[in-house]
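The values are calculated or read from the model by the stated rules, or taken from the named source; none is laboratory data. All values derive from a computational prediction rather than experimental measurement. As a convention, Cβ positions derive from the backbone with ideal geometry for all residues, glycine included, and neighbour counts pool all protein chains shown.
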Amino acid sequence: MNNSARDMLIAISGFAQSGREADVLSYNNNDNESSLFLCTQTEDSDFIRLELQKIIMGKYAADALIKYADILKLIIPEIAPSIGFEQRTKYHDFDVWTHIARSVGYAPFEPTLRFTMMFHDLGKPDCMTIDENGAGHFRGHGERGTVIAEGIMERLNFPKEMFRKISLLVLNHDYRIPEDEAGIKELIEVFGKEFLGELFMCEIADSMARKTNTETEATISLRASLKIFKQITDIT
């Protein structure tokens with residue numbers, strides 16, 4: 001990775017932290033993209049991972065991911081298909097990448113959860129089917145997204161425990177959480193308290209990022225289930 005690429009990534013992470021317009025140098029489409037962000041050395045991988053973490057942990061993470069998507073896709077080519085990819089469903093107001101970026105912004109300020117949201121729907125473009133009414137469906141996108149996320153994390157030398165947790169969260173991010181105490185107790189047995197608590201945070205962020213109105217019926221239902229989960233875990 002050359003100095004120009006490093007400076008751009010640092011500038012984007014600065015924007016994510018401050019919200020002030022980033023001076024992303026003089027990058028333009030005439031540059032040699034393949035060499036500009038070519039990452040082959042371990043130290044480059046570690047640098048990229050740490051700067052990406054700064055971006056997603058920033059107060060203005062969602063804005064940074066959307067505004068500089070065309071540069072970030074050179075660092076993580078796997079995100080390119082999701083940029084501008086229309087979902088064609090009544091459940092989403094935004095294209096896949098905009099939804100992903102917004103979900104990062106709604107997630108708690110915790111690196112594992114925010115990386116999960118950055119990766120969670122990357123499998124959608126590969127899995128989209130259109131029904132007879134012209135509506136989009138994404139069966140299997142959690143499994144496909146897990147494969148994509150693991151490829152990114154392996155290339156960028158993610159710590160083993162973070163790698164493991166993100167893989168499981170991406171795989172299960174669409175898990176249907178019950179709205180009753182008995183069902184939630186069963187999920188605690190399946191997933192454990194800690195993981196289920198994290199899954200709640202991811203699913204709420206995902207739900208909030210789907211529509212312009214963040215407090216949809218789905219979001220409200222998840223919050224109600226989370227309240228039950230907290231009541232259960234407080235007494236067990």
message = On the basis of being of a type outside the set (Asp, Glu), more than 23 Å from Arg6 (Cβ to Cβ) and buried (at least 18 other Cβ atoms within 10 Å of the Cβ), does Leu113 make the cut?
response = yes
Checked Ala11, Ala62, Ala5 against criteria (surrounded by 13 or more Cβ atoms within 10 Å (Cβ to Cβ), part of a helix (DSSP H, G or I) and at pLDDT 95 or above); the one match is Ala62
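Of the residues Asp93, Asp70, only one is in contact (Cβ under 8 Å) with a residue 60 or more places away in the chain and out of contact with any strand residue (DSSP E or B) (no Cβ under 9 Å at 6 or more places or on another chain); which? Show your work before the answer.
Details: Asp70 fails: in contact (Cβ under 8 Å) with a residue 60 or more places away in the chain.
Exactly one residue qualifies, and that residue is Asp93.
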Within the stretch 75-90, residues being among the aliphatic types (A, V, I, L, M) and either free of Cβ contacts under 8 Å to residues at least 60 places away in the same chain or in contact with a His (Cβ under 9 Å, 6 or more places away or on another chain) (or both) number 3
Over the stretch 200-236, the set of residues in contact (Cβ under 8 Å) with a residue 60 or more places away in the chain, in a loop (DSSP other than H, G, I, E, B) and surrounded by 12 or more Cβ atoms within 10 Å (Cβ to Cβ) is Ala209, Arg210, Lys211, Thr214
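Would you confirm whether any residue within the stretch 164-185 is assigned to a helix (DSSP H, G or I), in contact (Cβ under 8 Å) with a residue 40 or more places away in the chain, more than 13 Å from the chain's Cα centre (by Cα) and more than 27 Å from Glu217 (Cβ to Cβ)? Before you say what the answer is, go through the steps one by one.
Start the filter on the stretch 164-185 by keeping residues that are assigned to a helix (DSSP H, G or I), which leaves 164-172, 181-185.
This time we only want the ones that are in contact (Cβ under 8 Å) with a residue 40 or more places away in the chain, so: 165-166, 169-170, 181, 184-185.
Then keep just the ones that are more than 13 Å from the chain's Cα centre (by Cα); that gives 165, 181, 184-185.
From what's left, more than 27 Å from Glu217 (Cβ to Cβ): 165.
Looking for residues that are assigned to a helix (DSSP H, G or I), in contact (Cβ under 8 Å) with a residue 40 or more places away in the chain, more than 13 Å from the chain's Cα centre (by Cα) and more than 27 Å from Glu217 (Cβ to Cβ), one finds at least one in the stretch 164-185, hence yes.
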Take the conditions free of Cβ contacts under 8 Å to residues at least 40 places away in the same chain and in contact with a Pro (Cβ under 8 Å, 6 or more places away or on another chain) and apply them to Glu161. Does it pass?
no
All-but-one check, Glu194 against (1) touching a helix residue (DSSP H, G or I) at 6+ places or on another chain (Cβ under 7 Å); (2) over 22 Å from Asp46 (Cβ atoms); (3) assigned to a helix (DSSP H, G or I), failing number (1)
Flagged in the stretch 163-179 as modelled with pLDDT of 95 or more and either farther than 30 Å from Ala224 by Cβ or of a type in the set (Asp, Glu) (or both), in numbering order, are Phe163
If we keep only residues of the stretch 48-59 that are surrounded by fewer than 21 Cβ atoms within 10 Å (Cβ to Cβ) and outside any helix (DSSP H, G or I), then the residue farthest from the chain's Cα centre (by Cα) is Lys59
